[in-house]
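The next block holds one structure in the form of structure tokens; read it before the comments.
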Amino acid sequence: MKKRSSFAIFRSSIFALFLREMYESVGVKKIGYFWLFFDILFVVFIFAGLKSVVRDASVPGLDMVIFIAVNIMAFYFFKDTIMLLLNSFSTNKSLFDYRQVRPIDVLFSKFLFSLYTRILATLVMIAIGLYLNFDLSVKNFNMVAFSIIWLGIFALAIGLLSAVLASFFDFYKRFVKYLMLPLLFLSAVFYTVESLPPLFQTIILYNPVTHFMEMLHGSYFYALDTRYVDYVYMIYWTVIPLFLGLFFYTRSEKGIIAS
């Protein structure tokens, strides 16, 4: 029998875990796929309705329904990825009895599953938008794609570090869970940085997610730009957590398996 390389084992393990994740999340439930985008649609319509009432907060030349839909899709991709990765080690301990399966394999499979579900939900949202005759034109498609890919890598970095910390500190899971709701309102999801007073602009720009949202705003919508985006700041927030996550994981892999 031909001996498989480490990469071949890693690839096969991730693919098998991805199929397992897909079956458990949406395959068992007949309406599983519906719930992938129902929560996003619900939030979009609620806040789009509120925005239509407060017309003074609207930006000229900007469709607030599309604006909120794009932002919610991006933020939920970030949030759901982190929440999936956060529990990836603790909820899959039985899989570590198989020698071929390592904790990081589970983490990457969940990341790919999160990416898959958001692509599917995005296609559904685009179909709905086209059916309702919304203007879905994009200012710079390549930069929009780059923004989402970078946001995914950022979520992977934070998720990896969070998964390692959550394996040893139970309170950390609760901390991340409670953090997500205020982060939704403090990340320029329902507004632009430009629409805020200078003092609030300074405060909110300490949040790295705000920079990703502003990058997406300026790349997608013709009426907006990326003047508030600090790309160096975003690189630091992507590279440092990724390095720390990989460092702590390699040092504690045996402890994660044994815990």
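General observations
- K79 surrounded by fewer than 17 Cβ atoms within 10 Å (Cβ to Cβ) and part of a helix (DSSP H, G or I): no
- For the range 192-223, taking the residues that are of a type in the set (S, T, N, Q) and crowded, with 20+ Cβ neighbours inside 10 Å, the one that is modelled with the highest pLDDT is identified as T210.
- Qualifying residue in the range 129-147 (condition: surrounded by 12 or more Cβ atoms within 10 Å (Cβ to Cβ), under 17 Å from I66 (Cβ atoms), modelled with pLDDT under 90 and not aliphatic (A, V, I, L, M)): yes
- Residue within the range 55-62 that is among the charged types (D, E, K, R) and either modelled with pLDDT of 65 or more or not in a helix (DSSP H, G or I) (or both) present: no
- Given (1) surrounded by 14 or more Cβ atoms within 10 Å (Cβ to Cβ); (2) within 22 Å of L216 (Cα to Cα); (3) among the small types (G, A, S), index of the condition S167 fails: (2)
- Number of the condition not met by K254 [criteria: (1) of a type outside the set (A, V, I, L, M, F, W, C); (2) in contact with a helix residue (DSSP H, G or I) (Cβ under 6 Å, 6 or more places away or on another chain); (3) at pLDDT below 90]: (2)
The values are calculated or read from the model by the stated rules, or taken from the named source; none is laboratory data. This structure is a prediction, so every number in the text was calculated from the model and none was measured. Neighbour counts are summed over all protein chains in view; Cβ atoms, including those assigned to glycine, are modelled from backbone coordinates with ideal geometry.
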